[in-house]
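No lab work stands behind these numbers, since they all come straight from the coordinates. Everything numeric here is computed off the predicted structure, so don't read it as measured data. Here the Cβ positions follow ideal geometry from the backbone for every residue, glycine too, while neighbour counts run over all protein chains shown.
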Amino acid sequence: MSSAHANPIKAILLALGANFAIFVAKLVAAIVTGSGAMMAEAVHSLADCGNQALLLLGIRQAKRPPSDDVMVAVKARMQAVAGDQQLIQAIRQR
């Protein structure tokens, strides 16, 4: 399968499922053994699941057209950067 036909959502969902299964396995091991290190690993695997959920949310948000609020924020940030550059130039000229 070529990369042109790759489905990122499918890949993220598969990774999410695998990480959740790993989380469950580590959690069971932590409970059975009482190991704090294994509990930390379980929490880490759960955090990986959260990362994949954020990836899915980001893909969904990226498909939406920009709103007027976003464009206002982008323009304001560009003006702030321009102001910073003017300040830096003024300091350098002293």
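The helix-only estimate of mean residue ellipticity at 222 nm for the chain, built from DSSP H runs of length n ≥ 4 each weighted as -39500 (n - 2.57), is -30000 deg cm²/dmol after division by the residue total.
Provide the net charge surrounding Leu54, with neighbours chosen by a C-beta distance below 14 Å and charges set as Lys +1, Arg +1, Asp -1, Glu -1. Net of charged neighbours comes to 0.
Restricted to Cα atoms, the chain shows a radius of gyration and a Dmax of 22.6, 68 angstrom.
Does anything in the range 4-26 have its amide N under 15 Å from the 7 Å Cα→Cβ label point of Ala62, and if so which residues? So the set is 4-13.
Taking trypsin sites (Lys or Arg not before Pro) across the range 1-70, the ones in a DSSP loop with at most 15 further Cβ atoms lying within 10 angstrom of their Cβ are Lys63.
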